[in-house]
Amino acid sequence: MKAKSENVLTGAHYLDGNHASAEGAIAAGCKFFAGYPITPSTEIAERVARRFPLIGGVFIQMEDELASMAAILGAAWGGRKSMSCTSGPGFSLMMENFGLGIMLETPCVLVNVQRGGPSTGLPTLPGQADMMQARWGSHGDYEIIALAPDSPQESFELAIHAFNLSEKYRTPVLVMTDECVGHMTEKVVIPPAEEIDLVERLYTEKPPGEAQPFEWSNYDIPPMLPVGKGYKFHITGLTHDERGYPIINAEAQDENVRRVSDKIKRHTDDIIWLEEKDTDDAEIIMMAYGISSRVMQPAIARAKQDGIKVGQIKMVTVWPFPEKRVRELAGKVKALIMVEMNLGQVYYEMERCAAGKCQTLLVDHAGGTVHNPEVIYNAIKEAAK
Amino acid sequence: MATAEIRITGFGGQGVVLCGYIIGKAASIFNEQHATLTQSFGPEARGSACSAQVVVSDSRVLYPYVTSPQVLVAMSNDGYQMHRKTMPDESIIVYEKELVKLEKHGPRVKTFGIPATRIAEELGRKIVLNIVMLGFFGAVADVLPREALRKAVESSVPSGTEELNLKAFDRGYEYGLELKEKAELRA
C-alpha cells in the first residue's frame with residue numbers, strides 16, 4: 001500500500017529532526033498522538049498538533065507520560081496508527097505501559113529524543129544513554145525493535161519504517177534519536193506519496209464469534225480484531241491464551257511470553273538493518289548508531305589516510321542487536337570499536353558477541369555534546385598498534 | 001568554498017534562531033549546498049543568551065557543531081562577550097552597533113557594525129532587527145548569494161510580513177555594501 005497524498009508534504013524542506021519525525025509519522029498514516037511535552041522532544045508534538053487538524057488526526061496533550069502511553073495503546077486497538085514522543089524522564093514513566101504494549105502485541109511508535117541523564121540531567125543537550133532502558137526498561141522478558149536516525153532526513157524515513165515494522169510485527173517500535181539530531185535543522189527531501197510504501201494492519205478474516213485477539217496457533221503474527229464491527233473480545237496484561245483471557249500458570253506463561261519474544265527473534269534477518277562500509281578487508285571495525293555514526297566519519301577518513309584498514313557498521317536498528325554479524329566479524333578482525341554517547345551500553349552486547357575473538361574497545365562519552373572526532377581517531381590509532 | 005562556519009548570538013526573543021534558519025535554508029534549499037543548523041539555549045524561554053550555529057559546506061556536514069567560526073553575528077553584548085574569544089585570527093564579526101560594545105580584536109579580524117535596531121524601528125517594526133542583521137551579514141560576509149538569502153527570507157517569515165522583511169533585508173544589505181565599499185576605499 002502507498003502513502004496517501006494528503007498526508008505527504010512532498011518537496012524539499014529545511015526541517016529539524018523532530019519536525020521531520022512528525023512528518024514521517026504523518027506520511028505513514030499516523031492519526032493519533034498522545035503525549036506530554038518534554039524537552040528536547042516537544043517539537044514533534046507541536047508539529048503534529050499543528051498538522052493533525054488539517055488531515056483529520058487526533059492530538060491529545062495528556063496529564064502525564066503514563067497516560068500518554070496508555071492512550072496510544074488504546075488508540076491502536078481502536079484502529080488508528082498511533083504514536084507518542086518523549087525524553088529520558090518521560091521514557092521512565094512510560095515503561096510500565098510500554099510493557100503492556102508488548103504483552104498486548106499492540107502496534108504503535110514511540111520516539112525518545114534522548115538527552116543527558118540520569119534523572120532530569122541535561123534537558124537541552126544530547127545523550128544516548130537510554131539504549132539499555134530501551135532494551136530492558138519494562139519488566140519481564142521481551143524483545144524490542146529500536147531504530148536510530150543520524151539526521152533529519154533519516155528521522156523522516158525511519159519514522160515511516162518504524163510504523164511499518166510495528167504493523168508487520170504487531171509490536172511497539174522505538175525510535176531512539178537524540179537532542180542533537182532532534183534539534184538539528186537540515187534539508188529534508190520528502191518524496192511523492194506514491195513512492196512511500198506502507199504496511200497496513202492485518203485484521204482477521206474470521207467473523208465475530210470465531211475470531212480471537214491472539215490467534216497464534218494459525219498465524220506467524222496474529223491478526224488483530226477490528227472494533228465497531230461486532231467483535232467482542234477481552235485483552236489483558238496478565239498472561240493470557242489466544243482468546244485474551246488470563247491463564248495463570250507456568251505452561252501458559254511459557255507459551256505466551258516465548259511466542260511474543262520469538263516472533264521478533266525469528267525475523268531478525270528481516271528486521272536488522274546495518275549499513276556496512278569496507279568491512280570485507282578491515283582490520284578494525286567501528287560500530288555506532290545515530291549521531292555517533294556520523295560524527296565518527298572524519299576520524300575514520302583520517303585513520304584511512306594513515307593507511308589503517310578501517311571498516312564501519314552503522315546500526316540503523318540497534319535492537320535486535322546484530323549478534324550473528326558481530327560473531328562473524330569478530331573472528332576476522334583485530335578490533336571492534338563501539339562509539340556511543342554513554343558510558344558503555346550497546347558496547348557490552350558487542351563485547352559479548354565478540355566472545356574474546358578480537359579486541360573490543362569503547363569510545364564513551366557522558367553526553368552533553370557529541371564526540372570529538374579526535375578522540376575517536378586516537379582510539380583507532382591505539383587499536384591499530 | 002569548502003566549509004563556512006557561522007555563529008549568530010543574541011538573547012532569546014531577538015530572532016537569533018530564525019536568522020540561522022534562513023542562512024541554512026538559503027544554502028541548502030536555494031544554493032545547492034549542505035547546511036546544518038544547531039542551536040544552544042538554556043531552559044529559559046526568553047531573555048537569556050542564546051546562539052545558533054550554521055555549518056555550510058559543499059559536501060555533507062559530518063560534525064554538526066561549529067568549532068572555529070569564520071563569522072560571528074552578534075545581536076547582544078552578552079552574546080558577543082561569550083563568543084568573541086572563540087573567533088580565530090582570521091574571521092569576521094558582524095555586530096549590532098548600539099547593543100554591542102566592541103573590544104579590541106587582532107589585525108586580521110574584520111569587524112562590521114550596524115545600528116540594526118534603529119533601522120528596524122525606522123521600518124516600523126523593531127522585531128525585524130534580525131532580518132536587518134541578516135541582510136547586513138549577507139553583504140559583508142559574502143558567504144551566500146543575495147538572491148538565495150532573499151528567497152529564504154521570503155519563504156521563512158510569517159505570511160503577510162514578506163514585504164516588510166524583504167525591505168528590512170535589503171536595508172541591511174545596502175548598508176553593508178556601502179560600509180564594505182568605504183572599508184575597501186580606505187584599504
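Just to verify a result, which residue in the stretch A:363-374, among those that are in contact (Cβ under 8 Å) with a residue 24 or more places away in the chain and farther than 14 Å from A:ALA129 by Cα, is surrounded by the most Cβ atoms within 10 Å (Cβ to Cβ)?
Selected residue: A:PRO373.
Is there any pair linking a residue in the stretch A:39-51 that is of a type in the set (A, V, I, L, M, F, W, C) to one that is open to solvent by 10 Å² or more (accessible area, probe 1.4 Å) and in a loop (DSSP other than H, G, I, E, B), with Cβ under 8 Å and at least six apart or on different chains, and which?
Pairs that qualify, where the first residue is of a type in the set (A, V, I, L, M, F, W, C) and the partner is open to solvent by 10 Å² or more (accessible area, probe 1.4 Å) and in a loop (DSSP other than H, G, I, E, B), are A:ALA45/A:PRO37; A:VAL48/A:GLY57.
Which of the numbered conditions does A:GLN305 fail, given that it passes all the others? Conditions: (1) among the polar types (S, T, N, Q); (2) within 14 Å of chain B (Cβ to nearest Cβ); (3) surrounded by fewer than 17 Cβ atoms within 10 Å (Cβ to Cβ).
Evaluating A:GLN305 over (1) among the polar types (S, T, N, Q); (2) within 14 Å of chain B (Cβ to nearest Cβ); (3) surrounded by fewer than 17 Cβ atoms within 10 Å (Cβ to Cβ) leaves (2) as the failure.
Being in contact with a strand residue (DSSP E or B) (Cβ under 9 Å, 6 or more places away or on another chain), more than 14 Å from chain B (Cβ to nearest Cβ) and part of a loop (DSSP other than H, G, I, E, B), is that true of even one residue in the stretch A:179-196?
yes
Do the conditions hold for A:ILE284, that is, is it within 20 Å of the chain's Cα centre (by Cα) and not polar (S, T, N, Q)?
For A:ILE284, the condition - within 20 Å of the chain's Cα centre (by Cα) and not polar (S, T, N, Q) - is not met.
Restrict the check to the stretch A:132-152 and report whether at least one residue is more than 14 Å from chain B (Cβ to nearest Cβ), open to solvent by 10 Å² or more (accessible area, probe 1.4 Å), in contact with a Lys or Arg (Cβ under 7 Å, 6 or more places away or on another chain) and not small (Gly, Ala, Ser).
Looking through the stretch A:132-152, at least one residue is more than 14 Å from chain B (Cβ to nearest Cβ), open to solvent by 10 Å² or more (accessible area, probe 1.4 Å), in contact with a Lys or Arg (Cβ under 7 Å, 6 or more places away or on another chain) and not small (Gly, Ala, Ser).
Just one of A:GLU351, A:GLU328 is in contact with a strand residue (DSSP E or B) (Cβ under 6 Å, 6 or more places away or on another chain), closer than 27 Å to A:ILE145 by Cβ and either in a loop (DSSP other than H, G, I, E, B) or not aliphatic (A, V, I, L, M) (or both); which is it?
Going through A:GLU351, A:GLU328 in turn, just one is in contact with a strand residue (DSSP E or B) (Cβ under 6 Å, 6 or more places away or on another chain), closer than 27 Å to A:ILE145 by Cβ and either in a loop (DSSP other than H, G, I, E, B) or not aliphatic (A, V, I, L, M) (or both): A:GLU351.
Could you list all residues from the stretch A:153-175 that are farther than 30 Å from A:LEU225 by Cα and open to solvent by less than 10 Å² (accessible area, probe 1.4 Å)?
A:SER155
Here's a check for you: in the stretch A:215-249, which residue that is closer than 22 Å to A:GLU96 by Cα and β-branched (Val, Ile, Thr) is surrounded by the fewest Cβ atoms within 10 Å (Cβ to Cβ)?
A:ILE248
Of the residues that sit in the stretch B:135-159 and are closer than 22 Å to B:VAL55 by Cβ and in a loop (DSSP other than H, G, I, E, B), which one is least open to solvent (accessible area, probe 1.4 Å)?
So, considering only residues that are closer than 22 Å to B:VAL55 by Cβ and in a loop (DSSP other than H, G, I, E, B), the one least open to solvent (accessible area, probe 1.4 Å) is B:LEU144.
If you scan the stretch B:109-134, which residues turn out to be buried (at least 24 other Cβ atoms within 10 Å of the Cβ), part of a helix (DSSP H, G or I) and not small (Gly, Ala, Ser)?
Hits for the stretch B:109-134 are B:VAL128, B:LEU129, B:ASN130, B:ILE131, B:VAL132, B:MET133, B:LEU134.
Find the strands (runs of 3 or more DSSP E) located wholly in the stretch B:1-75 whose residues include 2 or more that are within 10 Å of another protein chain (Cβ to nearest Cβ), at pLDDT below 90 and touching a Cys at 6+ places or on another chain (Cβ under 8 Å), and list them.
B:34-40
The values are calculated or read from the model by the stated rules, or taken from the named source; none is laboratory data. These numbers were taken from a predicted model, which means no experiment stands behind them. In this analysis, Cβ positions are derived from the backbone assuming ideal geometry, glycine residues included, and neighbour counts consider all displayed protein chains. Side chains are part of the model used for accessible areas, which takes the heavy atoms of the whole protein and leaves out ligands, DNA and RNA. Shrake-Rupley method; radii C 1.70, N 1.55, O 1.52, S 1.80 Å.
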